[in-house]
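Computed from the coordinates by the stated procedures, all read-outs in this text should not be read as laboratory data. A quick note: this is a predicted structure, and the numbers were derived from the prediction, not measured. Using ideal geometry, Cβ is built from the backbone for each residue, glycine included, and neighbour counts are taken over all protein chains shown.
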Amino acid sequence: MSQAKGIIAAVVGLVVFFTVIDGFYIVHETEQVIITQFGDPVGEAVDEPGLKFKIPFVQKANFFEKRYLEWDGDRNQIPTRDKKFIFVDSYARWQITDPLQFYQRLGSERGAQSRLDDILDGETRNAIASHDLLEIVRSSNREPDTTGALMLEVVEDSLEDISTGRQQIQEDIQELANQRAADLGIAILDFRIKRVNYVQDVRQTVYDRMISERNRIADEFRSEGQGEASRINGEKERDLARIQSEAFREAEIIRGEADARAAAIYNAAYNRNNQSRDLYSFVRSMDAYVKTMDKETNIILSTNSDFFRYLNSID
């Protein structure tokens, strides 16, 4: 009898233990819970953190994230309105705003991700197909901030005006996607186009065209630079010739003034007295002898020559 009572007590204890374990659940700050009974929701969503109670073995707690969730779209090939095929890679952030409706319509986060694939990929395709490539790449009409007429012309040619930019397209996709997801218990908080690129078939063609355009611009700059260099060199040669001419003229003026002053000094010294004149004549003659004759020089002079006069007077 005592053994039977022990078994019964152990069974009752186990039942109570599992009842307590299954009857209580903990809600964390990042979670929200929907209680279901035989698969059907019971009551409102539980979003207050703490220890909660439910009917054991009958009710089930379904936990859902309260934080922002990530959606990362597939890399899709989409044609633009101007018939240019591009790859578009996008991402979004979403949140479960109505857990009860979310559970009833989607059941789980995996189901929500699949539904978001349909909604966001579809709206992205529609938006890309409705706009030109420039509108998808750029967000606004930019004012070119450049110097030089050539660069200004190049930049203005490549910056056509757009009516709708990338930012507006993203906002439109997010708005339309939220309209389609309004009855799913979720809200799309942000949508962004992560990357835009040409398909492989046309990417090399685009690169070649870009290289050709850059080379054309470089040639124009190079031609403009060569013309400017020729102009600068011409001005340099002209200025150099002018400076040399002015320097030569000033040098000749200075040389003429110096010769005039030297002649005046010579004349004053020559005319001072006869003795000075004789000394001056003698010194000049001696200088002439030194400059015209050396030990290897043979010279034939008349005995009446003025040049020979001082040599002839030597005893």
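Numbers at a glance
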| quantity | calculated |
| --- | --- |
| Hits in the range 177-194 - residues which are of a type outside the set (Lys, Arg), more than 15 Å from residue 93 (Cα to Cα) and assigned to a helix (DSSP H, G or I) | 179 |
| Within the range 163-200, considering residues that are closer than 16 Å to residue 86 by Cβ and hydrophobic (A, V, I, L, M, F, W, C), the one surrounded by the fewest Cβ atoms within 10 Å (Cβ to Cβ) | 199 |
| Any hit, the range 47-69, residues being in contact with a Pro (Cβ under 7 Å, 6 or more places away or on another chain), in contact (Cβ under 8 Å) with a residue 40 or more places away in the chain and crowded, with 17+ Cβ neighbours inside 10 Å | yes |
